[in-house]
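The block underneath contains the structure these notes are about, expressed in structure tokens.
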Amino acid sequence: MPLTLPMFPTTLVGSYPQPEWLIDRARLAGRFPPRVRAKELWRPSAEHLREAQDDATALAVRVQLDAGLDIVTDGEIRRESYSNHFATALDGVDVDHPGEALDRSGTPTQVPRVTGPISRPGPIQRADVEFVRAHTDRVVKVTVPGPFTMSQQAQDDHYGDPRALALAYAEACNEEVHDLFAAGADIVQLDEPYLQARPEAARQYGVEAVNRALESAPGTTAVHLCFGYAAIIHERPSGYSFLPELAECVCDQISIETAQSGLDPAVLETLPGKAILVGVLDLSTPAVESAATVAARVRRVLPYIDAERVVLAPDCGMKYLPRAAAEGKLRSMVAAARILRAEHESAGAPDPSVA
């Protein structure tokens, strides 16, 4: 069913900063996002952790609602990283005896070790969606690490074939995607930063894996590509090494960065029919952009994509920002959307829904 949203709808990419009382943000910021479990990052004891995560998630949802976002996420508050929450919950993975793989910077890091067939023991994030759905009647989005990225963040001691590993992860993702829609999600987004980081392998089987993960999805689907968290990876190329290839993806929306990188928006002409989550908040600095600055970043893409297909978002996840900065940036983004809607209406254009 098409989503009923205003022109230039606003959303998070996925994550929102976790409170200091919930997670040790200094320890979190001093490392790459963990691929294996990192329970030592949580401040509450195990017996109180779920309640604390509930409280922090409710707070993140309230911040989004108060800021005026049109599409709400859970802020990924319950996760140590965007990927390990899901990847370490799968069967066929030995998380107690991790393997090793190169991260996107080329540094060896601990990763889940695949020792048997990848499978999903049951719904992993369903309760998270149900929690957010109980707190808002706005459009709800949930994120899941994509199969290609998970396959790159693992040591394969079972399949012996990178494509087979990615497709095994895709099967597990597909089951989860269907469960998340059944739980009340309106949009399910796959996070696939390694499509950009490993373009050669991505061209061989990346889109195939993503398409299998999204096969027969009963709602709106998105794929997020990024250059990595700005707090960790500071340099941004001026273009994506893998983006036009997603024209062959079955997803409805594609999430990209443009603010920090100054991406040439002409590349969006290669993605006809896709809604684009345009990253318009620079997460390399806690400085809060003005609404005028954010609106100007959106206008850069309008010669290359219909306004009806534009969604406003941060460049990437906001996980590493100070909370006050994150909230201020969201409010500027919402104010920019109001500016753009007024300009669009003054030009005599209708205000359609974004599918």
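What do you get for the angle between helix 46-67 and the principal long axis of the chain? Use alpha-carbon atoms, 0 to 90 degrees, nearest ten.
Between the helix axis and the principal axis of the chain, the angle is about 20 degrees.
Could you rank the peptides 81-92, 49-60 by their average count of other C-beta atoms within 10 Å per residue, with the highest value first?
Put in order of decreasing packing, that is 81-92, 49-60.
Which stretch or stretches of region 107-138 have amide N atoms under 11 Å from the point lying 7 Å from residue 91's Cα along the Cα→Cβ direction?
117-122
Need the list of lysines near residue 274 for cross-linking: C-alpha distance under 18 angstrom, and skip anything on the same chain fewer than eight residues off.
Result set, ordered by chain and number: 141.
Cut-off is 10 Å between beta-carbons; in what order do 15, 346 appear when sorted fewest neighbours first?
346, 15
Please report 181, 32 as a ranked list, fewest other C-beta atoms within 10 angstrom at the top and most at the bottom.
Lowest to highest Cβ neighbour count: 32, 181.
Between residue 203 and residue 241, what is the label-point separation in nm under the 7 Å Cα-to-beta-carbon projection?
1.1
Give the shape of region 32-117 as rounded, prolate or oblate, defined through the alpha-carbon gyration tensor: a ≥ b ≥ c are the square roots of its eigenvalues, a/c under 1.5 means rounded, and otherwise the shape is prolate if a/b is larger than b/c and oblate if not.
Because a/c hits 1.5 or more and a/b exceeds b/c, region 32-117 counts as prolate.
Would you mind telling me which residue in 122, 14, 106 has the biggest mean-square fluctuation in a Gaussian network model of the chain, where springs connect alpha carbons within a distance under 10 angstrom?
Fluctuation is largest for 106.
Quick check on the exposure proxy: order 42, 21 from fewest to most C-beta atoms within 10 angstrom.
The order, fewest Cβ neighbours first, is 21, 42.
Specify the residue with the greatest mean-square fluctuation among 40, 192, 100, computed from a Gaussian network of the chain linking alpha-carbon atoms under 10 Å apart.
It is 40.
Since every read-out is calculated from the coordinates, none of them should be taken as a lab result. Note that the structure is predicted; figures quoted are calculated from it, not measured. Neighbour counts are summed over all protein chains in view; Cβ atoms, including those assigned to glycine, are modelled from backbone coordinates with ideal geometry.
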